[in-house]
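Visitor: Following this message is one structure expressed as structure tokens.
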Amino acid sequence: MSTPDLVADAVVKRFADHVAVDSLSFSVERGSFFSILGPSGCGKTTLLRMIAGFIEPDDGDIAIGGRSMRGVAPNRRPVNMVFQQLALFPMMSVGEDVAYGLARRGMSRVERMKRSNAMLERVGLGNAADKRVDELSGGQRQRVAIARSLVLEPTLLLLDEPLGALDLKLREHMKIELKQLQASFGTTFVYITHDQSEALVLSDHVGVMSHGRFEQLGTPQDLYYRPQTPFVAAFVGANNRIVGRATRSDGSLAEIATADGWVVRALKTGAIADGDAVEVFVRPEVAMLARSAAQLPPDQPQHSGEVQSVLFDGANSAVLLQEARTRREFRIALPQTGQFSDLKPHEKIAFSFDPSRAVCFAARAGTAGQDA
Amino acid sequence: MDPRWHARLALGLLLAPALLWLGALIILPHVDLAVLSFRERVGPRQYVASLAQYKTFFAEPLYWHVFLRTAVMSVIATGLTLLLAFPIAWIIAKLARGRAGSLLFIICLIPFWVSETVRTLGWMILLRESGVLPALLVKMGLTHVPVELLYRDATLLVGLVYTSLLFMVVPLVSSLESLDDSLIEAAYDLGSGGFAILRSIVIPHAAPGITAGCIVVFMLTLGNYLTPTLLGGKNSQWFTEQIYTQFITRFNWEQGAAFGFLLLALSTALVVIGLRVSGQRFGDVMRRT
């Protein structure tokens, strides 16, 4: 096994009165796509800027390609960064921009223009070398920013929410392109984003960050199907959150009752004793609908509700229910078959979900009893 | 009334003060000066058209020597002002945040609340033989007797730079403020050191501001009369003094007018050369001022 391209060892960064990055340790394997996912203010930008070298950690060490980066200036690190606003140089042509880093290494003009053109060719901008930055579209600029970094063959490519400024359609397109670029270059990518869909689609591994720490580090599938903390369950993907108390334990499952008397069952994650305040998370696609309770799987606890509204969004369509007794909101994905496309508001409907596919956690301090 | 005619009238009225100012105070006197400069007095109230005034300028070494000296000193003063103003503008635009930035700006502005004459006299109080600085030098044991610091070229340059500094700082600050910090970071990230960033990113971005500041400062310096007269004295040999002498002392308006036009030609020529060398367009530059 080769040494990881990036190793962070107990990295700490404090600003005045708060800890932006709190003793963080992780490693990123060579050639993988690693994402740091978190809401704004979680410390992910600080972490990325420490890797790039713009900020020195207060404590701990960052090693890139097996070499400690303590005291190494950004221009001497084998790392390049794609900036959030791209930061392309308006005073240069696209070709000069891509060749900029090579020029700084003292490469001859002929050689660097050759490499710059070859790199632009590889990202599908073969004829753009003589254009000015403002003549390019958003997606093309994105590719120039990536080409400008990759032409230097860095050990690590850092990407600071590079898709944030694009419109939705282009963002979806660039997601696929980024993934293909990373696969074809084989460079290790470290990507930060607050968009969980970007992180899930692109990454081999994702670190979910909150308050300067990783809540969970794992594959996108791990985060989605096996969240380890309520924060991850709430942040990654859509989820129905139900707050209550554990009333009974049944092997790996727990029975939870809400304050107003709705009883559900879910898989325990971590230690939960009877009487503990818990948070239950049920994904919209885990629950199934039926016009009569008899059509539901007989081994699952059955619930009933009233249709509040139908949220049509093509393949992501869902129905928003109110649980019959407690009037709590509950979101259920509509099946792709179009079976329930004729649902009307105020219609009564039955639903159930597999308790082993719903998760529950001991409630986070300060959130017990609070509803989502 | 035809609305289009109405609009034209409104535009004309709006432009009237500017046109009056241009016509009455700039174009008209210059036309008159041009006529003056191309004639020669042959007897009492008798004039003939001639190039005598311009011939005198080239024939008399003192005149074109002073002329060249003024040009060279103005270029040096402009260069020094740029070197001094750039770090100041950088600090105001990039390093000082919020209130500190405006405070620094006000500090640059404060001297201009005092009239130029008083400011220059202030320099004289500091620098003359019986002044503050020579006395200080004696006290520190650096010189045995007080030295006269006035009437030297260096003193003249100090005065000129001091007078022009603000006019360089303002366009520089505005052009540096518009430079996105992430461009600097990106250049740093791509392997540039401080000097390479300055040369490849900061200066190209600030070029219109630099050119604008240089043009303004150069013109102000070239046309300055007070500072060279007070700080340089007789040694200053500034071309504006020659013009003054011709008009007021010699009462030779024809010669003075010719000198005036030569100075105008000089400043125009140097500004055009400056724009050519820096690859800037006049329109872009003036938008930054």
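Visitor: If all Cα-Cα distances of region A:121-166 are sorted into 10 Å bins from 0 onward, what percent lands in each bin, rounded to whole numbers?
Guide: In order of increasing distance, the bins hold 23, 55, 22, 0 percent.
Visitor: Now for a separate question. Which ³J(HN,Hα) values, rounded to whole Hz and listed in residue order, are derived for region B:159-174 from phi using the Karplus coefficients 6.51, -1.76 and 1.60 in 6.51 cos²θ - 1.76 cosθ + 1.60 with θ = phi - 60°, glycine and proline given as x?
Guide: x, 5, 4, 4, 5, 9, 3, 4, 6, 8, 5, 4, x, 5, 4, 5
Visitor: Let me ask something else about it. Can you give the average number of partner chain beta-carbon atoms within 10 Å of each beta-carbon in peptide A:80-90, as a whole number?
Guide: Mean inter-chain Cβ contacts per residue within 10 Å come to 5.
Visitor: How compact is region A:156-283 by the rule of thumb for globular proteins, expressed as Cα Rg over 2.2 N^0.38 Å?
Guide: Compactness ratio reported: 1.31.
Visitor: Only Cα pairs under 8 Å and at least 6 apart count here; give the relative contact order of region A:58-206 as a rounded whole percent.
Guide: 27 percent
Visitor: Sticking with this one: Please identify the chymotrypsin sites (Phe, Trp or Tyr not before Pro) of region A:267-372 that satisfy two criteria: DSSP loop assignment and at most 11 other Cβ atoms within 10 Å. Which are they?
Guide: A:312
Visitor: What percent does the relative contact order of chain A come to when contacts are Cα pairs within less than 8 Å and at least six residues apart? Can you show the working numbers first?
Guide: Details: 784 pairs, mean separation 55.8, N = 372.
It rounds to 15 percent for chain A.
Visitor: Using only the Cα atoms of chain B, build the gyration tensor, take square roots of its eigenvalues as a ≥ b ≥ c, and label the shape rounded, prolate or oblate: rounded if a/c is under 1.5, else prolate if a/b is larger than b/c, else oblate.
Guide: oblate
Visitor: Working only with C-alpha atoms, what are the Rg and Dmax values of region A:210-283, expressed in angstrom?
Guide: 12.8, 37
Visitor: Across peptide A:71-78, how many C-beta atoms of other chains are within 10 Å of each residue C-beta, on average?
Guide: Averaged over the peptide's residues, the number is 3.
Visitor: Assuming a viscosity of 0.890 mPa s and a temperature of 25 °C, what translational diffusion coefficient in µm² per second does Stokes-Einstein assign to chain A, Rh being the Kirkwood radius over Cα pairs?
Guide: Rounded, D is 106 µm²/s.
Visitor: While we're on this one: What is the P(r) of region A:213-372, as percent of Cα-Cα pairs per 5 Å bin from 0?
Guide: Per 5 Å bin, starting at zero, the Cα-Cα P(r) for region A:213-372 comes out as 2, 9, 18, 21, 20, 15, 9, 4, 1, 0 percent.
Visitor: Additional query: What would the Debye equation give as log₁₀ I(q)/I(0) for the protein assembly as shown at q = 0.05, 0.10 Å⁻¹, counting only Cα atoms as equal point scatterers?
Guide: Debye intensities relative to I(0), on a log10 scale: -0.45, -1.05.
Visitor: Considering only DSSP states other than H, G, I, E and B, which chymotrypsin sites (Phe, Trp or Tyr not before Pro) in region A:1-41 qualify as loop sites with at most 10 other Cβ atoms within 10 Å?
Guide: For chymotrypsin sites (Phe, Trp or Tyr not before Pro) across region A:1-41 that sit outside H, G, I, E and B with at most 10 neighbouring Cβ atoms in 10 Å, the list is empty.
Visitor: Tell me, what is a quarter of the convex hull surface for the C-alpha atoms of region B:74-120, in nm² with one decimal?
Guide: Averaged projected hull area, Cα only: 3.9 nm².
Visitor: Continuing with this model, one more query. In region B:207-289, which trypsin sites (Lys or Arg not before Pro) fall in coil by DSSP and have 16 or fewer other Cβ atoms within 10 Å?
Guide: The qualifying sites are B:250, B:281.
Visitor: Would you work out the relative contact order for chain B, in percent, from Cα pairs under 8 angstrom that are 6 or more residues apart? List each step's numbers first, then the result.
Guide: Values: 298 pairs, mean separation 70.6, N = 289.
Rounded, it is 24 percent for chain B.
Visitor: For the protein assembly as shown, give the magnitude of the charge dipole about the Cα centre (Cβ charges: +1 Lys/Arg, -1 Asp/Glu; no others), in debye to the nearest 20.
Guide: Using Cβ point charges on Lys, Arg, Asp and Glu, the protein assembly as shown gives about 1820 debye.
Values in this text are rule-based calculations from the coordinates and carry no lab data. Just so it is clear, the model here is predicted, and its values are computed rather than measured. Cβ coordinates were reconstructed from backbone atoms using ideal geometry, including for glycine residues, and neighbour counts include every protein chain displayed.
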